[in-house]
Amino acid sequence: MMIETRELTRRFDKLVAVDRIDLTVECGEIFGLIGPNGAGKSTLIRMLTTLLPPTSGLATVAGFDIVKSPAAVRQHIGYVPQLLSADGSLTGYENLLLSARLYGVPRRERAERIARALEWMELSEAAGHLASHYSGGMLRRLEIAQSLLHGPGVLFLDEPTVGLDPLARETVWHRLLELKKSARTTMVVTTHRMDEINEYCDRIALMDRGRMIATGTAQELKASVGPGASMDDVFIRLVGARAGSEPGSYRDVRLERGAEKAHG
Amino acid sequence: MAEGAIASLKRYAAQAWGVAAAEIQKLVHDPLELLTRAIQPVLWLLLFGEVMVQVRGVSPGHVRYMDFLSAGILAQSCLFVAIFYGISAIWERDLGVLQRYLVSPAPRSALVAGKAFSAGVRALSQAVIVYLLAFGLGVGISFNPLHILTVLVAIVVGSALFSTFSLIIACIVKTRERFMGIGQVLTMPIFFASNAIYPLSLMPVWLRIVSRANPLTYEVDALRAMMLNGESSAYGLACDFGVLVGVTCLFVAIASRLYGRMGY
């Protein structure tokens, strides 16, 4: 088991952003996290990546407690935030070098690992260019390469394909599938794209208003809604019960659109 | 045991250096920023300095006022650069670059120390500008290499101190707008309640006490003693550097506690 949470909860003043979540993610699994804006997906990920302490409950990632040993958790995970996390004023190579140093990749291994990562992400030619000149797809690949340099067991990806064209999206997913096959890296992915969830995720959790309202494989979730149902139907049926009360805050929307603009 | 300690110290240094190196690399990509910073010290020395030289009583007696002022303006121009450094942290937070730093296993203090050091290096360009200008104005500069080296160290430490102070403010206020307001408000008292442009002996007692508690006074004291011929430190270089290094360490410790909360 790579991730396990018990009654994991995060409150912001009166708002319960994540409400007593129990979750297990197995080794080598691509785990999809879906739900409407403001459902608590990003808050959950920010807790699991130790960016945000939980209000109550327990969680272990790669065998380490997120509250008691955050540094050990950080050493074993990679995180690709929804926001633009590559530094536009550095080149692709320099971005990777920064990550290698932060993660304590030994000096003698750095050059080789960076070269391999650049090659794998098809960025070798652009390595010397400033990241601010990269396309959205290149930036995403660079960010994924940065988060994989230290060989993490678990990779968190927050909306990895938002704002990308279909070709760039497919490239990103193919790289992730390769990674799953070659390194058995466990991945937790949030996305609003039901086609991606359906196609690439081994298991899925649907969140709404901080609660986990359904978990299972795409097949199981679709079957639970009715014969011939699509993932869109699952989403609409299970979340739509309370349509009209969109909880996504101004900040959520600003971040999301900002990210789209930056990547697009 | 000792080997383990050395290994973790080396790792810590590599992580802090990784952050600093990335910042320095950005300057190499875009050195124009440094040129625009040359304007302020030039204006202070040429406009303010040339007029104040005419005022009787402002000179501390044994040195010419322009000599006295040049060291103060060097400290001031470094202060003005450093005090707005925190805004880059807010910028990085809004972009998402900060998250990349915070999910890495590097201790918060290594990140803060790396940022502080890079701000110190950034300020060195001010020394080049002020030395050239002061030389042109006939200021009695000491070209003893040891003195110049001490000046450079004082600038790096002083700028690290004020940039970390700036980072603390940024962690507290969290938005660019609020930060700009507070930055303006802070700069003037730090500058005027110091020995940068007039000797403490001209001040009323209460202001003299404030100035003695102001780290900028010790930076100016060290700069003045080392930059000018035949000038000596009023408080002793050991005291000057003791205060600068001590306060920097204190600020790094405080900023390290706050920096992680920027990711919330």
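Set side by side, the residues B:Ile155, B:Ile168, B:Ile190 differ, and just one is outside any loop (DSSP other than H, G, I, E, B) and either farther than 14 Å from B:Gln76 by Cα or more than 18 Å from the chain's Cα centre (by Cα) (or both), which is B:Ile168. Taking region A:78-89 as the range and being more than 19 Å from B:Gly260 (Cα to Cα) and more than 7 Å from chain B (Cβ to nearest Cβ) as the test, only A:Gly88 passes.
If you go through region A:80-93 and keep only what is within 19 Å of B:Val103 (Cβ to Cβ) and either surrounded by fewer than 16 Cβ atoms within 10 Å (Cβ to Cβ) or not small (Gly, Ala, Ser) (or both), you end up with A:Val80, A:Pro81, A:Gln82, A:Leu83, A:Leu84, A:Asp87, A:Leu90. I need every pair where a residue in region B:18-38 that is of a type in the set (S, T, N, Q) has its Cβ under 6 Å from the Cβ of a residue that is modelled with pLDDT of 95 or more and not in a loop (DSSP other than H, G, I, E, B), sequence separation at least 6 or different chains. Hits for this filter: B:Gln25/A:Glu94.
Return yes or no: is A:Leu96 without any contact (Cβ under 8 Å) to a residue 60 or more places away in the chain and closer than 26 Å to A:Ile197 by Cβ? Spell out how you get there, then give the answer.
Numbers: without any contact (Cβ under 8 Å) to a residue 60 or more places away in the chain: yes; closer than 26 Å to A:Ile197 by Cβ: no.
It is false that A:Leu96 is without any contact (Cβ under 8 Å) to a residue 60 or more places away in the chain and closer than 26 Å to A:Ile197 by Cβ.
Residues in region B:103-112 that are touching a residue at least 24 places away in the same chain (Cβ under 8 Å) and surrounded by fewer than 23 Cβ atoms within 10 Å (Cβ to Cβ) were compared, and the one that is nearest to the other protein chains (Cβ to nearest Cβ) is B:Pro107.
Once region A:98-112 is narrowed to residues that are more than 24 Å from the chain's Cα centre (by Cα) and more than 9 Å from every other protein chain (Cβ to nearest Cβ), the residue that is surrounded by the fewest Cβ atoms within 10 Å (Cβ to Cβ) is A:Arg108.
Yes/no per residue for (1) within 18 Å of A:Tyr79 (Cβ to Cβ); (2) within 14 Å of chain B (Cβ to nearest Cβ):
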{"position": "A:Ile114", "(1), (2)": "no, yes"}
{"position": "A:Leu118", "(1), (2)": "no, no"}
{"position": "A:Ser132", "(1), (2)": "no, yes"}
{"position": "A:Arg141", "(1), (2)": "yes, no"}
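For region B:14-24, filtering for residues that are in contact with an Asp or Glu (Cβ under 9 Å, 6 or more places away or on another chain) and at the interface with chain A (Cβ under 7 Å from one of its Cβ atoms) leaves 1.
Within region B:25-41, if we keep just the residues that are aliphatic (A, V, I, L, M) and touching a helix residue (DSSP H, G or I) at 6+ places or on another chain (Cβ under 6 Å), the residue that is nearest to the other protein chains (Cβ to nearest Cβ) turns out to be B:Leu34. Candidates are the residues of region B:248-264 that are surrounded by fewer than 19 Cβ atoms within 10 Å (Cβ to Cβ) and either of a type in the set (D, E, K, R) or within 15 Å of B:Phe162 (Cβ to Cβ) (or both); the one that is nearest to the other protein chains (Cβ to nearest Cβ) is B:Arg261.
Does region B:227-264 hold any residues that are of a type in the set (S, T, N, Q) and without any contact (Cβ under 8 Å) to a residue 40 or more places away in the chain, and which are they?
The answer is B:Ser232, B:Ser233.
Counting residues in region A:193-210 that are of a type in the set (A, V, I, L, M, F, W, C) and surrounded by fewer than 16 Cβ atoms within 10 Å (Cβ to Cβ) gives zero.
Identify all residues within region A:54-77 that are within 13 Å of chain B (Cβ to nearest Cβ), of a type in the set (Val, Ile, Thr) and buried (at least 17 other Cβ atoms within 10 Å of the Cβ); write none if there are none. Listed by number, the residues that qualify are A:Val61, A:Ile66, A:Val73, A:Ile77. No other residue among A:Gly38, A:Gly92 is at pLDDT below 95 and away from chain B (no Cβ under 12 Å) apart from A:Gly38. Candidates are the residues of region A:179-205 that are of a type in the set (A, V, I, L, M, F, W, C) and in contact with a Gly (Cβ under 6 Å, 6 or more places away or on another chain); the one that is nearest to A:Tyr79 (Cα to Cα) is A:Val189. For region B:163-183, residues that are more than 17 Å from B:Arg257 (Cα to Cα) and in contact (Cβ under 8 Å) with a residue 60 or more places away in the chain total 5. Can we say B:Arg11 is of a type outside the set (Ser, Thr, Tyr), within 14 Å of another protein chain (Cβ to nearest Cβ), in a helix (DSSP H, G or I) and surrounded by fewer than 22 Cβ atoms within 10 Å (Cβ to Cβ)? Here the answer is yes, as B:Arg11 does meet what is asked. Here B:Leu137 clears all of (1) in contact with a Ser or Thr (Cβ under 9 Å, 6 or more places away or on another chain); (2) surrounded by fewer than 19 Cβ atoms within 10 Å (Cβ to Cβ); (3) closer than 25 Å to B:Leu27 by Cα; (4) more than 14 Å from every other protein chain (Cβ to nearest Cβ) except the condition numbered (3).
Considering only residues in region B:83-96 that are buried (at least 24 other Cβ atoms within 10 Å of the Cβ) and out of contact with any Gly (no Cβ under 8 Å at 6 or more places or on another chain), the one that is farthest from the other protein chains (Cβ to nearest Cβ) turns out to be B:Tyr85.
Consider B:Arg64 carefully, then state whether it is over 30 Å from B:Arg178 (Cβ atoms) and among the charged types (D, E, K, R).
yes
Residue under question is B:Ala123, and the condition is that it be away from chain A (no Cβ under 14 Å) and buried (at least 24 other Cβ atoms within 10 Å of the Cβ); does it hold? Considered against the rule, which asks whether it is away from chain A (no Cβ under 14 Å) and buried (at least 24 other Cβ atoms within 10 Å of the Cβ), B:Ala123 comes out as yes. Taking first residues from region B:214-226 that are without any contact (Cβ under 8 Å) to a residue 24 or more places away in the chain and partners that are of a type outside the set (A, V, I, L, M, F, W, C), the Cβ contacts under 6 Å between residues at least 6 apart in sequence or on separate chains come to B:Thr217/B:Ser194; B:Thr217/B:Asn195; B:Thr217/B:Ser211; B:Ala225/B:Glu231; B:Ala225/B:Ser232; B:Ala225/B:Ser233. Count of region B:22-35 residues, restricted to those that are more than 18 Å from the chain's Cα centre (by Cα) and either within 20 Å of B:Ser104 (Cα to Cα) or assigned to a helix (DSSP H, G or I) (or both), is 6.
The values are calculated or read from the model by the stated rules, or taken from the named source; none is laboratory data. Quantities reported herein were computed from a predicted structural model and do not represent experimental measurements. Methodologically, a virtual Cβ is constructed for each residue, glycine included, from the backbone with ideal geometry; neighbour enumeration extends over all protein chains shown.
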